[in-house]
Amino acid sequence: EFSHFGSGMLTDVFIDRVFEEYHTYRDSETGEREMDYKTFLDFVLAMENKNSREAIQYVWKIIDIHHKDCLDGFVINYFFRAIHNILKTHNVSVPSVDDVKDEIFDMVKAKTPGVITQQDLCNCRQGGMVLKMMIDAEAFWRYENRESLMIQTDEDDEHQ
């Protein structure tokens, strides 16, 4: 069910990590992973308010896979590979992982080159976008195509 949340393009890698890091359980009859209402509500609030400090903290726990309080190129690669695979299955041109890593590091402007802390993500004012680029294939596609989407919107406005 989580794969259909929001844009419907959250990655399996991200969803698996949600269930690894937050209080969930398995339904005894179906074996499906489930979460209680409060945990689900926290998830929804974080997904709908990704630029807030609280949402960044919530998602940080999920993406900090090594529990080192920092993200490096390996972690970005880990999450972006899932984005890459989804977009490739939809026959969408996708930039290289290295280009995306460079873009993310440029966006965040971390204090320590090659390492992003939660504080760096909060301070950069683009933390929500960085998170979306790592966990949501549609959000990444929209970011990657933002210029052509803006031109298309401008053209639509002119015809009205």
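Bear in mind that the values in this text are calculations on the coordinates, not laboratory data. Given the structure is predicted, the values throughout are model-derived calculations rather than measurements. Neighbour counts run over all protein chains shown; Cβ positions are idealised from the backbone, glycine included.
How high is the relative contact order of the chain? Use alpha-carbon pairs under 8 Å, at least six apart in sequence, and give a whole percent. It rounds to 25 percent for the chain. Each residue of segment 27-34 is assigned a 3J(HN,Hα), and the resulting list reads 5, 5, 8, 9, x, 6, 6, 9 Hz, derived from the Karplus form 6.51 cos²θ - 1.76 cosθ + 1.60 (θ = phi - 60°), x at Gly and Pro. For segment 67-160, the convex hull drawn through the C-alpha positions has a volume of 107 cubic angstrom per residue.
Taking the charge dipole of the chain about its Cα centre, with +1 at Lys and Arg Cβ atoms and -1 at Asp and Glu Cβ atoms, the residue from ILE63, ALA139, GLN119 reaching farthest to the positive side is GLN119.
Neighbour counts of other Cβ atoms within 10 Å put THR117, THR11 in the fewest-to-most order THR117, THR11.
Give me the Debye-computed log₁₀ of I(q)/I(0) at q = 0.19 Å⁻¹ for segment 58-119, equal point scatterers on Cα only, no solvent, two decimals. Calculated log10 I(q)/I(0) at the listed q: -0.73.
Helix content alone sets the calculated 222 nm mean residue ellipticity of the chain: runs of n ≥ 4 DSSP H residues at -39500 (n - 2.57) each, divided across all residues, give -18500 deg cm²/dmol. Let me know the whole percent of all Cα-Cα pairs from the chain that are separated by more than 18 Å. For the chain, the fraction of Cα-Cα distances above 18 Å is 61 percent. Neighbours of ARG142, meaning other residues whose beta-carbon lies under 15 angstrom from its beta-carbon, give a summed charge of -2 when Lys and Arg score +1 and Asp and Glu score -1. Here the residues ASP99, ASP64, ranked from fewest to most Cβ neighbours within 10 Å of their Cβ, fall in the order ASP99, ASP64.
Packing here is the average count of other Cβ atoms within 10 Å per residue, and on that basis the peptides 48-61, 25-38, highest first, run 48-61, 25-38.
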